[in-house]
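This report refers to the structure that appears directly beneath it.
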Amino acid sequence: MVKYAREPANATKSCKARGSYFRVHFKNTRETAQAIKHMDLTKAKRFLEDVIAHKQAVPFRRFCGGVGRTAQVKLVHTNGQGRWPAKSARFLLDLLKNAESNAEVKGLDVDSLHVSHIQVNRAPKQRRRTYRAHGRINPYMSSPSHIELILSEKEAEVRKEAEEGSRKTKKQGRLAN
């Protein structure tokens, strides 16, 4: 049993999935994960499929140096910077499908699931080398990542009952004493 960064509020109404040492760029995966955070499961899957098909772009908020602007992001974020990280979207889509099957095994209602927690961490870099001019050698590193996510059923909202009579403020309560 592995430890997750966050435990769900209600373990019986949620399911988990995680993957380690995925050979997919950390920065792209982090931005894609932030884009689907708090989305419904069906909406998140549709979004990732649209990213792969270049119909929707992922807004780049933190790691946005040198990222070009696109009109597809203007609806979501003000800086307009975005990309279509297809490999990251495929990895996250596979992880969402895995979590969905875990939910079915657990007996949860798949239609009411949403992404309550998703986190991407850097994994140790993998080394290769590239050969340069004048007999030099430079590192050629990859930036893999660990991904974990938790899907939870939406809680039914309980409406607060309206209080009868007038409410006393703090000041009125002091004056009455």
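Derivation of every value follows stated rules applied to the coordinates shown; laboratory data play no part. Computed from a predicted model, the values in this text were never measured in an experiment. Cβ coordinates were reconstructed from backbone atoms using ideal geometry, including for glycine residues, and neighbour counts include every protein chain displayed.
Summing Lys and Arg as +1 and Asp and Glu as -1 over all other residues whose Cβ lies under 11 Å from the Cβ of Arg83 gives a net charge of +1. Relative protection proxy for 131-144, 46-59, 148-161, from highest mean packing down: 46-59, 148-161, 131-144 (other beta-carbon atoms within 10 angstrom). Taking all Cα pairs closer than 8 Å and separated by 6 or more residues, the relative contact order of the chain comes to 31 percent.
Calculation over all alpha carbon pairs of the stretch 9-67 in 5 angstrom steps from 0 returns a P(r) of 4, 15, 20, 25, 20, 10, 5, 2, 0 percent.
If the Kirkwood radius is taken over C-alpha pairs of the chain, then at 20 °C and 1.002 mPa s the Stokes-Einstein diffusion coefficient equals 112 µm²/s. Over the C-alpha trace of the stretch 40-112, radius of gyration and Dmax come out as 14.4, 45 angstrom. Think of each Lys and Arg Cβ as +1 and each Asp and Glu Cβ as -1; about the Cα centre, that makes the dipole of the chain roughly 1340 debye.
Protection proxy ranking of 14-25, 30-41, by the mean of other Cβ atoms within 10 Å over each peptide's residues and highest first, is 30-41, 14-25.
Per-residue ellipticity at 222 nm computed for the chain from its helices equals -9000 deg cm²/dmol, with DSSP H segments shorter than 4 residues left out and the rest contributing -39,500 (n - 2.57). Close amide-amide hydrogen proximity is noted between Ser143 and Phe26, each under 5 Å apart and 5 or more residues distant or on a separate chain (H modeled in the peptide plane; Pro and chain starts excluded). A simple spin-label model places the labels of Tyr4 and Val105 1.4 nm from each other, with each point 7 Å out along Cα-to-Cβ. Note that the stretch 84-94 has calculated 3J(HN,Hα) couplings of 10, x, 5, 5, 4, 5, 5, 5, 5, 5, 4 Hz, one per residue in order, obtained from phi through the Karplus relation 6.51 cos²θ - 1.76 cosθ + 1.60 (θ = phi - 60°); glycine and proline are x.
Taken one residue at a time, the phi angles of the stretch 47-57 give Karplus couplings (6.51, -1.76, 1.60, θ = phi - 60°) of 4, 5, 5, 5, 5, 5, 8, 6, 8, 9, 9 Hz. Gly and Pro are set to x.
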